[in-house]
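Asks: Input: one structure, supplied below.
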Amino acid sequence: MSSAARYYSVRQLSPFVGNIQVVEVDYCRALSSDGQQWQIQASCETHQQIWQIAEQAYVPRRYVLYGSWSRSLGFSSLPLDPMLDVPDLQTIQQGLISALENQPALPFPPQDDYECWLMDQASGQPLALLASVTDPQMIPHLQLGRWQAMPQQTANNPLPADLSTEALSSLEQQINQQGQYTQWFRRLADGNGEPLESTGQGHNTWPLPPLLFDASLLPAAQRDTADALIRWQSPRLLSLHHLEPALRQQLEQFSQHFAVETRQRLHTYPVPLSEKVFNKIQVELKIRGL
């Protein structure tokens, strides 16, 4: 394992598309949603960094796609604009590729403890998770958008029969209308959130919803869609590290109905699937010839 490499995971939001595994060295990083196929990115220095004229201490780096890597296929680079100021191939191979080849066991520990929540207008409670970062210095540089419910559909996770794009759009509209303002928290080990700024309500810590949103705060007409979204997202939600055992067991039951994606993401789960659920998924895939 490279002593200079940093191994961690972060949630990709919004919409939530999974807990992304990250291997980072100076000036480049690798990202993976399944721990098998890795996207190689190289940082480009901004003019502020080159000339050291930034007024603030923290200047976010811009990354460009450099190539891909997997254990079976190795490293493959992509053509880049020669004007881009990126690390050379030797630096990538000696630093990042070496770190990938000598990585510790998956999944990597979560590092995005700073969370931005839409706050419910009526109750003042955290309603929906909008963003997360690893460093509070990143917060002023973020451009927060609307909360989104639906990740991109793929062959491995098509929209199930109990969900529709119209229903998900309605859920998105409801949550964004119901969210009165945003509040940043630092998630603590006990699942509570410590506000980064005073909320004016006298709370030192707040209980944070364990998943993407708090369905109990939604109108009854939206509950079925919210529940169906959680079921559809179960293979991705199982990659979260802070789930209580009962909730993880419930998500495992849901994940059986999405066998292909669940198998694809197995390496990112901090707790292995129960033997019973794993065997059911294996049988389902065998029947389907996958």
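The values are calculated or read from the model by the stated rules, or taken from the named source; none is laboratory data. Computed from a predicted model, the values in this text were never measured in an experiment. Every residue, glycine among them, receives a Cβ derived from its backbone with ideal geometry; neighbour counts consider all protein chains shown.
Asks: Given (1) in a loop (DSSP other than H, G, I, E, B); (2) surrounded by 15 or more Cβ atoms within 10 Å (Cβ to Cβ); (3) modelled with pLDDT of 90 or more, where does Val86 come up short, assuming only one miss?
Replies: (3)
Asks: While we're looking at this one, here's another question. Can Ala161 be described as of a type in the set (A, V, I, L, M), without any contact (Cβ under 8 Å) to a residue 40 or more places away in the chain and assigned to a loop (DSSP other than H, G, I, E, B)? Even if it seems obvious, please write down each step before you answer.
Replies: Values: of a type in the set (A, V, I, L, M): yes; without any contact (Cβ under 8 Å) to a residue 40 or more places away in the chain: yes; assigned to a loop (DSSP other than H, G, I, E, B): yes.
It is true that Ala161 is of a type in the set (A, V, I, L, M), without any contact (Cβ under 8 Å) to a residue 40 or more places away in the chain and assigned to a loop (DSSP other than H, G, I, E, B).
Asks: Of everything in segment 3-24, what is buried (at least 20 other Cβ atoms within 10 Å of the Cβ), assigned to a loop (DSSP other than H, G, I, E, B) and not hydrophobic (A, V, I, L, M, F, W, C)? Give them in sequence order.
Replies: Passing the criteria: only Ser14.
Asks: So which of Ser198, Ser234 ends up being modelled with pLDDT of 95 or more and either in a loop (DSSP other than H, G, I, E, B) or farther than 22 Å from Gln177 by Cβ (or both)?
Replies: Working: Ser198 fails: modelled with pLDDT of 95 or more.
Exactly one residue qualifies, and that residue is Ser234.
Asks: Filter segment 81-98 for residues that are in contact with a strand residue (DSSP E or B) (Cβ under 8 Å, 6 or more places away or on another chain) and without any contact (Cβ under 8 Å) to a residue 60 or more places away in the chain and give the result. Talk me through it step by step, then tell me what you get.
Replies: If we filter segment 81-98 for residues that are in contact with a strand residue (DSSP E or B) (Cβ under 8 Å, 6 or more places away or on another chain), which is where we start, we get 84-87, 89, 91-93, 95-97.
Scanning segment 81-98 gives Leu84, Asp85, Val86, Leu89, Gln93, Ile97.
Asks: Return yes or no: is Gly67 at pLDDT 85 or above, touching a helix residue (DSSP H, G or I) at 6+ places or on another chain (Cβ under 6 Å) and not acidic (Asp, Glu)?
Replies: Details: at pLDDT 85 or above: yes; touching a helix residue (DSSP H, G or I) at 6+ places or on another chain (Cβ under 6 Å): no; not acidic (Asp, Glu): yes.
No, not satisfied.
Asks: Restricting segment 1-40 to residues that are within 9 Å of the chain's Cα centre (by Cα) and free of Cβ contacts under 8 Å to residues at least 40 places away in the same chain, which is nearest to Leu129 (Cα to Cα)?
Replies: Residue satisfying both the conditions and the ranking: Gln12.
Asks: Let me ask something additional. Can you tell me which condition Ala246 does not meet? The list is (1) among the hydrophobic types (A, V, I, L, M, F, W, C); (2) surrounded by 18 or more Cβ atoms within 10 Å (Cβ to Cβ); (3) outside the structural domain of Ala149 (by TED's automatic domain parsing); (4) part of a helix (DSSP H, G or I), and all the others hold.
Replies: Every condition holds for Ala246 apart from (2).
Asks: Sticking with this structure for a sec: Report yes if some residue within segment 164-184 is surrounded by 15 or more Cβ atoms within 10 Å (Cβ to Cβ), within 30 Å of Ala5 (Cβ to Cβ) and in contact with a Leu (Cβ under 6 Å, 6 or more places away or on another chain); otherwise report no.
Replies: Yes, segment 164-184 contains at least one residue that is surrounded by 15 or more Cβ atoms within 10 Å (Cβ to Cβ), within 30 Å of Ala5 (Cβ to Cβ) and in contact with a Leu (Cβ under 6 Å, 6 or more places away or on another chain).
Asks: Hey, can you tell me all the residues within segment 204-231 that are assigned to a loop (DSSP other than H, G, I, E, B) and either over 21 Å from the mean Cα position of the chain (by Cα) or farther than 13 Å from Leu171 by Cα (or both)?
Replies: Pass one, segment 204-231, residues assigned to a loop (DSSP other than H, G, I, E, B): 204-205, 208-212, 214, 218-219.
Result: Asn204, Thr205, Leu208, Pro209, Pro210, Leu211, Leu218, Pro219.
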